[in-house]
Amino acid sequence: MRIMKLALATVVGIVIGSASAHAITVKKRIEAPGLPSDIWEIVGEFCAIKSWHPAVAECEETVEGDVTFRTLTLKDGGKIKEKLTDTDDLSYSYEITEGPLPVKDYSSKLWIEEDDEPDRSVIYWESEFEATDGTSEEEAQKLIAGILGDGVKGIKKQAIEAWDKAHPEEAGEGTSGGGGDDGD
């Protein structure tokens, strides 16, 4: 009888564990002119997002204890609070702690790597999350893909402007060679 109860408890645990929603992953990438360190100078500050993401009007960075947060004010008036969870020379990771997006358990990483072409970089932005109740996984995925896509395009635009300013003799050449937006 005891073995039967243990087996039943195990089956119930497996069913409950597998019934929970699975994480959705969205990853965007785009190529841009410039070395990773040069592009990171433009976008690497946690609140620099206000200069390269078209949906962000303002960004306020705060420190609570030893944790850094940013509060994004969107152009539509919404607010999103994000917690910085990790950083290194060419990347940072964060989590959304409050906001109007129809997602939960949202974590994200933005990073830049050197491309195989000279003087070019690859910008990556990846997010993992679950759709909230009432929002389909497809709707949540499409929304986040749009946000990340607009962001990497904004970074590329900033990188092209910086490249053209630093290399006036080659101005306009920064736009050639692969857009690299690979979708999800």
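The values are calculated or read from the model by the stated rules, or taken from the named source; none is laboratory data. What you see is a predicted model, and the numbers here were worked out from it, not measured in a lab. Counting neighbours? That spans all protein chains shown, and the Cβs are built from the backbone with ideal geometry, glycine included.
Of note:
- PRO118 falls short on exactly one of the conditions (1) closer than 30 Å to LYS165 by Cα; (2) in contact (Cβ under 8 Å) with a residue 60 or more places away in the chain, and that condition is (2).
- Selection within region 46-67 - surrounded by 15 or more Cβ atoms within 10 Å (Cβ to Cβ) and more than 18 Å from SER121 (Cα to Cα): PHE46, CYS47, ALA48, ILE49, LYS50, HIS53, ALA55, VAL56, CYS59
- Residue that is of a type in the set (Gly, Ala, Ser), modelled with pLDDT of 95 or more and touching a Pro at 6+ places or on another chain (Cβ under 6 Å), where the choices are GLY78, GLY44: GLY78
- Meets criteria (at negative phi and either under 15 Å from the mean Cα position of the chain (by Cα) or of a type in the set (Gly, Ala, Ser) (or both)) for VAL67: no
- Scanning region 28-71 for residues that are within 18 Å of GLY149 (Cα to Cα), in a strand (DSSP E or B) and in contact (Cβ under 8 Å) with a residue 24 or more places away in the chain gives LYS28, ARG29, ILE30, GLU31, ALA32, PRO33.
- The number of residues in region 124-138 being out of contact with any helix residue (DSSP H, G or I) (no Cβ under 9 Å at 6 or more places or on another chain), touching a residue at least 12 places away in the same chain (Cβ under 8 Å) and either assigned to a strand (DSSP E or B) or charged (D, E, K, R) (or both) comes to 2.
- Of the listed requirements (1) small (Gly, Ala, Ser); (2) part of a strand (DSSP E or B); (3) within 15 Å of the chain's Cα centre (by Cα), SER121 misses just one: (3).
- Test for ARG70: is it surrounded by 15 or more Cβ atoms within 10 Å (Cβ to Cβ), under 16 Å from VAL43 (Cα atoms), basic (Lys, Arg) and out of contact with any Phe, Trp or Tyr (no Cβ under 9 Å at 6 or more places or on another chain): no
- The condition (being at pLDDT below 90 and either in contact with an Asp or Glu (Cβ under 7 Å, 6 or more places away or on another chain) or of a type in the set (Ser, Thr, Tyr) (or both)) is satisfied by just one residue among GLY149, GLY180: GLY180.
- When restricted to residues that are buried (at least 17 other Cβ atoms within 10 Å of the Cβ) and within 20 Å of PHE46 (Cβ to Cβ), region 108-127 contains 9.
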